[in-house]
Amino acid sequence: MDRRTFMKMVGATMAGTAGGTLLTPRTSEAQKAFEQKEFHSILIDTTRCIGCRRCEKACAEANNLPIPDISEQANEAIFEKKRKTSETAYTVTNLYETEKGKVFVPWRCMHCNQPGCRSACLVYAIKKRETGHVTWDANCLGCRLCVYSCPYDLVKWEWYGTIVRLQKCNLCYGRFLKGKLPACVEACPTEALMFGLRRGLLEEGKRRIAQNPGKYIKRIYGEFEVGGTSHLYLSAVPFNQIGLRTDLGVKSVPEYSLVYLSAVPFIAALVPITCFAIARVVRIEKDAIRKELEKKEGEEKKKGEEKEKHK
Amino acid sequence: MSAEKTEKVEIKNLRDFWSFFWSELKPKGPIFTPFNIISAPVIVIGLALIVYRLAIGLGDTTNMNNDFPWGIWKGAIVMSGIAIAGGGYTLGFVVYITGMERFRPILRETVLFAFLCYVFYAPALLIEIGRWWNFQNPFIGYEFGVSSVLFIVAWHFVLYMITLGIEFSPAAAEWLGMKRVRKIVGATAVGAVALGVMLSIHHQAGLGALISMGHAKLHPLWYTEFIPGLFFFSSIFAGPSMMIIVSSVTQKVFSNRVDEEYRKSHADIVVGLGKMCAGVMFAYLFLTFILAHHEHDLQYINTPMGYWWLTEVVGLGLIPMLLFINGVQNRNLSTIQLAAILAVMGAALNRFNCAFIAYNWFLPLEARYSPYWMEVVVTFGITFLMIWIFRFAINRMHVLSRQPEWAAAIDKH
Ligand code: SF4
Ligand code: SF4
């Protein structure tokens with residue numbers, strides 16, 4: 001190996017490693033945030049919800065969204081369909097016919113402990129705040145990978161208009177900073193929604209399950225689902241009967257991209273070097289073959305000349 | 001002919017450059033060909049629609065919605081486009097790194113094609129993102145999402161575009177008669193290729209990693225942990241397959257620009273590429289089936305989505321592979337070309353499936369996504385514009401022919 005190639009290789013290694021470290025994801029960030037922080041949560045007791053939709057109205061008022069009609073007749077019509085959240089409604093309440101009768105279920109961004117939407121975002125426009133709120137900032141460029149990767153399909157994009165935004169529940173982060181409760185929790189007449197620290201709410205949920213034998217099924221939805229979420233559900237019937245997906249597993253969405261992310265720096269460092277090495281070997285090989293050919297040709301020429309001389 | 005003219009021109013200052021450039025802008029062939037008559041209005045309408053979309057938003061110009069956030073702009077133009085541009089790095093690797101010189105005649109064409117693909121996806125992405133005025137944020141913004149797959153993909157996308165530009169720049173320098181520049185960029189070849197291979201592995205696989213984050217909403221037959229690997233593999237055969245098609249077309253259409261050496265070796269090159277594609281496709285399909293079996297997804301085979309999966313994997317996967325093998329054994333070019341077309345369609349269909357067909361597949365049919373006419377027109381407009389530029393370059397530069405003597409002389413030193 002001559003000096004030039006050596007320098008090239010050293011250069012490539014350095015560039016590769018530098019690029020690798022520069023572009024190496026700090027994958028553990030989400031986990032760290034998750035381990036150290038006390039997140040805030042809402043415990044949703046579906047046995048207490050009466051389907052009054054006051055949370056929906058309060059949410060719309062707090063977030064400058066179109067105010068829904070929550071009169072009795074309107075509700076009756078609305079509950080006929082299963083609604084999804086949308087860019088104009090951060091929270092929706094749906095009615096499910098279950099083995100134990102009618103159950104109303106409020107439904108909004110789950111505020112995952114390790115949100116898929118956040119790990120998707122290439123500019124961190126979506127943030128998991130230290131307080132547990134998953135919020136959105138205006139440096140977003142609208143790639144909508146967050147919409148693609150939310151396991152619950154709860155990130156909503158505003159499709160109409162030029163200056164568009166991302167719309168979803170932010171657990172009333174603005175109100176929280178002012179020391180107020182989330183608007184929906186404040187509006188709920190039956191305390192079906194309860195705001196507090198996640199740890200405390202998990203305990204409260206378990207206490208309710210223990211103190212009312214037979215009333216609840218013995219699990220809290222959101223304790224482990226997709227790595228744990230901040231909206232926690234108590235239910236009297238199996239969760240899949242009230243529209244909560246039970247097939248998602250406990251692995252958080254960011255973990256699905258971990259294999260790739262951890263391979264990135266290695267590829268960055270190793271591939272160029274391997275390429276140079278192969279190119280070098282091939283070159284040496286080719287040179288050798290060429291030299292041999294030249295030598296042979298030269299010898300033959302000499303022989304020919306000698307023959308001529310002899311003649 | 002321009003080729004001879006270029007060798008005489010030596011550009012010394014900006015004025016020379018502009019006058020030369022102006023003279024070169026004149027069309028080189030007949031203007032009213034069927035292709036031009038069809039493509040010109042599509043391009044004009046497409047450009048108008050792009051302006052319209054930037055002004056009024058995505059809702060009125062596309063059929064995308066919150067259930068299907070990615071439509072054909074991402075699925076067709078970007079995702080499958082990147083896959084079929086994969087020839088840029090595979091052939092670069094084959095020629096420059098492993099030293100298989102017999103593929104060299106096709107190399108410049110491949111690099112040009114790949115480069116144009118990337119250059120034209122960038123604006124396609126620009127109209128695709130919702131808040132396009134923020135597009136620079138991942139690059140010069142104040143917040144970098146370093147643990148986001150898309151962040152890595154975006155960076156490698158841009159870096160690779162530059163790398164491809166460097167790889168192609170010798171041809172441009174020859175066209176402009178810039179000897180000094182030609183000398184400098186000519187020396188970077190191996191380095192640029194090695195860098196390009198690395199960047200390509202990253203973003204080809206990265207696109208797969210993006211898809212794997214939608215695991216909760218992707219049909220189990222398509223979702224596997226190894227999507228990044230599958231995306232990478234399929235780009236290795238989709239790229240060369242595309243080049244079989246492109247080179248066969250350019251051989252015919254630009255026959256006056258093709259030099260003797262390339263014309264003679266074209267059949268060999270196609271057979272060689274066919275061999276390569278057959279091998280890689282075998283590995284890809286093997287992996288696909290193993291993964292489907294391993295993850296117990298084969299239980300879905302007997303459903304509508306299962307049939308669709310078979311269409312992709314057997315109809316546009318296994319069959320083209322067998323055709324490739326057959327064509328290579330009999331040295332039958334038309335079989336190989338047919339196989340290449342099917343293989344490219346298969347790879348593209350795979351991307352479509354991941355972006356919107358197998359995504360949220362449990363929704364009822366009437367709620368599913370199908371492209372709006374404006375999306376289709378814009379897609380075609382961008383593609384046609386790309387073909388125009390491709391033609392422009394081929395007609396003026398040494399793309400299908402050997403470099404001029406003076407450039408070859410520079411390379412020797
Ligand atoms: S539920 Fe969806 S939007 Fe809400 S934090 Fe989790 S991934 Fe993000
Ligand atoms: S749409 Fe905006 S918030 Fe969502 S991932 Fe893209 S840049 Fe981030």
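The values are calculated or read from the model by the stated rules, or taken from the named source; none is laboratory data. Everything quoted here is computed from the prediction, not taken from an experiment. Using ideal geometry, Cβ is built from the backbone for each residue, glycine included, and neighbour counts are taken over all protein chains shown. Areas reflect the complete protein model, heavy atoms only, side chains present, ligands, DNA and RNA absent. Shrake-Rupley method; radii C 1.70, N 1.55, O 1.52, S 1.80 Å.
When the square roots of the Cα gyration tensor eigenvalues are ordered a ≥ b ≥ c, the ratio a/c for region B:316-394 is 1.5 or more and a/b does not exceed b/c, which makes its shape oblate. Considering the dipole of the protein assembly as shown built from charges on the beta carbon (Lys and Arg +1, Asp and Glu -1) around the Cα centre, which of B:Phe21, B:Ala154, B:Gln204 is farthest to its positive end? The one lying farthest along the dipole's positive direction is B:Phe21. Over every Cα atom in chain A, the radius of gyration and the widest Cα-Cα span, Dmax, amount to 31.2, 121 Å. About the centre of its Cα atoms, the protein assembly as shown shows a dipole size close to 1200 debye [charges on the beta carbon of Lys, Arg (+1) and Asp, Glu (-1) only; nearest 20 debye].
Highest first, please rank the peptides B:71-78, B:302-309, A:188-195, A:127-134 by the mean number of other Cβ atoms sitting within 10 Å of their residues.
Values: B:71-78: 24.2, B:302-309: 14.8, A:188-195: 17.6, A:127-134: 19.8.
Output ranking for B:71-78, B:302-309, A:188-195, A:127-134: B:71-78, A:127-134, A:188-195, B:302-309.
Backbone amide hydrogens, once placed in the peptide plane, bring A:Ile217 within less than 5 Å of A:Ser235, A:Ala236, A:Val237, excluding anything fewer than 5 places away on its chain. Could you list log10 I(q)/I(0) for the protein assembly as shown at q = 0.05, 0.07, 0.08, 0.09 Å⁻¹, which the Debye formula gives when each Cα is one point scatterer? For the protein assembly as shown, the Cα-only Debye profile gives -0.31, -0.57, -0.72, -0.87. Measuring against 32 Å, Cα to Cα, the residue pairs A:Lys100/A:Lys206; B:Lys74/B:Lys179; B:Lys179/B:Lys264; A:Lys84/B:Lys74; A:Lys127/A:Lys180 contain B:Lys74/B:Lys179 as the ones spanning a longer distance.
Once every DSSP H run of n ≥ 4 in chain A is given -39500 (n - 2.57) and the sum is divided by its residues, what mean residue ellipticity at 222 nm do you get, rounded to the nearest 500 deg cm²/dmol?
Working: 11 runs with 137 residues, N = 311.
Computed ellipticity for chain A at 222 nm equals -14000 deg cm²/dmol.
For B:Ile290 and B:Leu363, a Förster radius of 30 Å and the Cβ-Cβ distance give a FRET efficiency of 0.55, rounded to the nearest 0.05.
Given R0 = 35 Å, the distance between the Cβ atoms of A:Val259 and B:Asp268 translates into a calculated FRET efficiency of 0.35. Nearest 0.05, what FRET efficiency do A:Lys178 and A:Glu38 give at R0 = 22 Å with Cβ-Cβ as r? Efficiency, from the Cβ-Cβ distance: 0.70. Restricting the GluC sites (Glu not before Pro) of region B:349-409 to loop positions (DSSP other than H, G, I, E, B) with no more than 11 neighbouring Cβ atoms within 10 Å leaves nothing.
Taking a ≥ b ≥ c as the square roots of the Cα gyration tensor eigenvalues, with a/c under 1.5 meaning rounded and otherwise prolate when a/b beats b/c, else oblate, which class fits region B:264-332? It would help to have the intermediate numbers written out before the result.
On the way: a/c = 4.23, a/b = 2.57, b/c = 1.65.
It is prolate, given that a/c is not under 1.5 and a/b is the larger ratio.
For B:Phe17, the solvent-accessible surface computed with a 1.4 Å probe is close to 40 Å², ligands and nucleic acids excluded. Identify, among B:Ile43, B:Leu316, B:Ile97, the residue whose Cα sits farthest towards the positive end of the charge dipole of region B:40-412, taking +1 on the Cβ of Lys and Arg and -1 on the Cβ of Asp and Glu, with the dipole about the Cα centre. Going by the charge dipole, the pick is B:Ile97. Considering chain B as a Gaussian network with a 10 Å cut-off on Cα pairs, which listed residue, B:Asn134, B:Asn63, B:Asn326, attains the greatest mean-square fluctuation? In the Gaussian network model the winner is B:Asn134.
Shape summary: chain B maps onto an equivalent ellipsoid whose semi-axes, from the alpha-carbon gyration tensor, are 36, 26, 21 Å in decreasing order. A simple spin-label model places the labels of A:Arg165 and B:Arg180 5.4 nm from each other, with each point 7 Å out along Cα-to-Cβ.
Divided by 2.2 N^0.38 Å, where N counts the residues, the Cα radius of gyration of region A:40-117 comes to 1.14.
Per Stokes-Einstein, at 4 °C and 1.567 mPa s, what whole-number D in µm² s⁻¹ belongs to region B:113-241, with the Kirkwood radius over Cα pairs as the hydrodynamic radius? Don't skip to the end; give the middle numbers.
On the way: Rh = 16.6 Å.
Rounded, D is 78 µm²/s.
Projecting the Cα atoms of A:Gly243, A:Leu261, A:Val103 onto the dipole axis of chain A, where Lys and Arg carry +1 and Asp and Glu carry -1 at the beta carbon, places A:Leu261 farthest toward the positive end.
222 nm [θ] for chain B, helices only, -39500 (n - 2.57) per DSSP H run of 4+, per residue, to 500? It would help to have the intermediate numbers written out before the result.
Working: 17 runs with 275 residues, N = 413.
That calculation yields -22000 deg cm²/dmol at 222 nm.
Take the Cα coordinates of region B:166-288, assign each an equal point scatterer, and use the Debye formula without solvent to give log10 I(q)/I(0) at q = 0.11, 0.18 Å⁻¹. Result of the Debye calculation: -0.58, -1.10.
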